[in-house]
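The values are calculated or read from the model by the stated rules, or taken from the named source; none is laboratory data. The shown structure was predicted, so the numbers you read here are calculated from the model rather than taken from an experiment. All Cβ positions, even for glycine, are placed from backbone atoms using ideal geometry, and neighbour counts span all protein chains on display. We work out accessible area using only protein heavy atoms, side chains counted, and drop any ligands, DNA or RNA first. Shrake-Rupley method; radii C 1.70, N 1.55, O 1.52, S 1.80 Å.
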Amino acid sequence: MPRSLQQSNLHHQKALGKLPLGVSSNFRYWGENKTIYVDHARGSRLWDIDGNEYVDYRLGYGPGILGYADPRVDEAARKGMEVGGVFALSTKLEFDVAERISNMVPAAELVRFSNSGTEAVMAALRLARAHTGKDSHIIVEGGYHGMFDSVLWYADIDEWEPGMDDPPIEAEGEGIPSLIKKLTHFTPLNDSNYLEDLLKRHHQDIGAFLIEPIMGNSCSITANPEYVHAARELCDKYNVVMIVDEVKTGFRVARGGVQELMGFKADLCTFAKALGNGYPISAVAGREDIMRQIGDGVMHGGTYTCHSVTLAAAAKTLEILDETDALETIADYGSALQAGIHEILAARGIPHSFVGHPSMGGLIFDDPPPDNYRAWSSSDYSFYDKMAPELHDRGVLCEPDSREPLFISEAHAKDNSLAHTLRAFEQSVDVTLEKRAAKSKAKTRKSA
Ligand SMILES: Cc1ncc(COP(=O)(O)O)c(C=O)c1O
């Protein structure tokens, strides 16, 4: 029985009158009669304005690492409010949070804060250009790095088939200057020969290699540690700054992020999401010689950087992630979720695999899993796309687009959300299979 979205639909019509698409970020628009408006959220649960309750595996694209409205973090944020807001001056707490980050992530020798992942990646690219004197950068195919022109380009897999040359590179929409395309190179993940070839040909222009080793916007397709190490060496060889975008993986997949998991050090790295448990804060961090260019020619800053509320929330969030077993709890829940899903799919003979880290695992309808974005295109992702609305109807909120992983918070474990999730998953798989079978029967009848 589909849930009612009557109130959300009514509100959507009203919101369209004042807000483009009726929302404040394009990704929040899920289509006519499908766009959900939130009433409130607590722990691992979210309620929409129709009163539908969901176990949420989106967590706002990852920030809610401890769960929504975590009382420990919110209490700290309330104390931060008493500090007064923003002053166009710094507070002492910035040092403490920066020091904590450096202790958790060895590559983060120096730290600068901003408000969003986008701003952190923008700053990292600017630092790389300043450090190398080279304006171009490499993006890994399938990578998403924020809402600014330099990274709003993508490898168009829909226009590509195995055996063809490279996929065409397109802008993510209109209004992005085509001039910038000239500064952007692409490389498939896990192909160090391709990367080396690209660098051999263009290293005079390339100042940065931007990589998210667990691709949180492409199903968590994951770099092999050998590839990451080879890329590290190539960056050193060709004087290219290696920027590891840990906006999603940072303080989530390990205390030291993906760099700890894979045993390497970035030149620069970027953090956001889990850093503030949903309060808007981000950081660019890295090698002292590169970071010291801020203040020696490189501009960085912003009016709202290190608001006293967000900073206090980040200090508390990191303290919890660093000093308690929250990350282990999250990974254990993620592993149990994957084991449960595997049992359901295996019993029905559906090929599948998991990639990434259990705290942000990608479910792929293919086995073995793809090792780059090109290979993802031949997986049966339409099964996921069909199943997602069934999950929503049964109180499990996942991204409608299969390229987003399942994000886990500490609250999923505390709320005992697993049994409900797996029950909903099993029913959703069966309904999706039934609908598929009915559709192919109808097709056969039509063509007979
Ligand atoms: C890897 C990565 N980098 C950068 C960003 C941009 O962050 P924000 O949306 O906070 O600007 C995102 C957002 O999802 C991301 O996943």
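Annotations
- Taking first residues from the range 243-256 that are among the hydroxyl-bearing types (Ser, Thr, Tyr) and partners that are more than 11 Å from the ligand (Cβ to nearest atom) and open to solvent by less than 10 Å² (accessible area, probe 1.4 Å), the Cβ contacts under 7 Å between residues at least 6 apart in sequence or on separate chains come to 249/257.
- Taking every residue in the range 4-19 that is on the phi < 0 side of the Ramachandran plot and pairing it with any residue that is charged (D, E, K, R), at least 6 positions away or on another chain, the pairs with Cβ-Cβ distances below 7 Å are 4/50; 5/50; 6/50; 7/50; 8/48; 8/50.
- Residue match in the range 157-166 (condition: in contact with a Phe, Trp or Tyr (Cβ under 7 Å, 6 or more places away or on another chain), at pLDDT below 95, assigned by TED's automatic domain parsing to the domain that holds residue 220 and aliphatic (A, V, I, L, M)): yes
- Per-region count, the range 116-141, residues more than 11 Å from the ligand (Cβ to nearest atom), among the charged types (D, E, K, R) and buried (at least 18 other Cβ atoms within 10 Å of the Cβ): 4
- Count of residues meeting criterion [in contact with a helix residue (DSSP H, G or I) (Cβ under 8 Å, 6 or more places away or on another chain), assigned to a helix (DSSP H, G or I) and open to solvent by 20 Å² or more (accessible area, probe 1.4 Å)] in the range 83-102: 5
- In the range 191-214, the residues that are within 16 Å of residue 132 (Cβ to Cβ) and in the same structural domain as residue 231 (by TED's automatic domain parsing) form Cβ pairs under 7 Å with partners that are among the charged types (D, E, K, R) and open to solvent by 50 Å² or more (accessible area, probe 1.4 Å), at six or more places apart or across chains, as follows: 205/135; 207/129; 207/135.
- Residues (open to solvent by less than 100 Å² (accessible area, probe 1.4 Å) and within 27 Å of residue 428 (Cβ to Cβ)) located in the range 1-20: 2, 3, 4, 5, 7, 8, 9, 11, 12
- Strands (runs of 3 or more DSSP E) enclosed by the range 1-75 - at least 3 residues per element that are modelled with pLDDT of 95 or more and of a type outside the set (D, E, K, R): 38-42
- Search result, residues across the range 142-156 that are more than 14 Å from the ligand (Cβ to nearest atom) and in contact (Cβ under 8 Å) with a residue 40 or more places away in the chain: 155
- Within the range 1-53, being aromatic (Phe, Trp, Tyr) and within 18 Å of residue 63 (Cα to Cα) holds for 27, 47.
- Test: residue in the range 51-66 that is free of Cβ contacts under 8 Å to residues at least 60 places away in the same chain and either in the same structural domain as residue 395 (by TED's automatic domain parsing) or over 23 Å from the mean Cα position of the chain (by Cα) (or both): yes
- Breaking point among (1) open to solvent by 30 Å² or more (accessible area, probe 1.4 Å); (2) in contact with a helix residue (DSSP H, G or I) (Cβ under 7 Å, 6 or more places away or on another chain); (3) modelled with pLDDT of 95 or more; (4) not hydrophobic (A, V, I, L, M, F, W, C), for residue 374: (3)
- Any chance residue 161 is more than 28 Å from residue 225 (Cβ to Cβ) and within 15 Å of the ligand (Cβ to nearest atom): no
- Residues within the range 59-95 that are more than 16 Å from the ligand (Cβ to nearest atom) and touching a Leu at 6+ places or on another chain (Cβ under 9 Å), tallied: 10
- Residue check for residue 177: more than 16 Å from the ligand (Cβ to nearest atom) and open to solvent by less than 10 Å² (accessible area, probe 1.4 Å): no
- Qualifying positions in the range 114-161 - over 19 Å from the mean Cα position of the chain (by Cα) and in a strand (DSSP E or B): 136, 137
- For the range 209-239, a tally of residues being within 20 Å of the chain's Cα centre (by Cα) and of a type outside the set (Phe, Trp, Tyr) returns 17.
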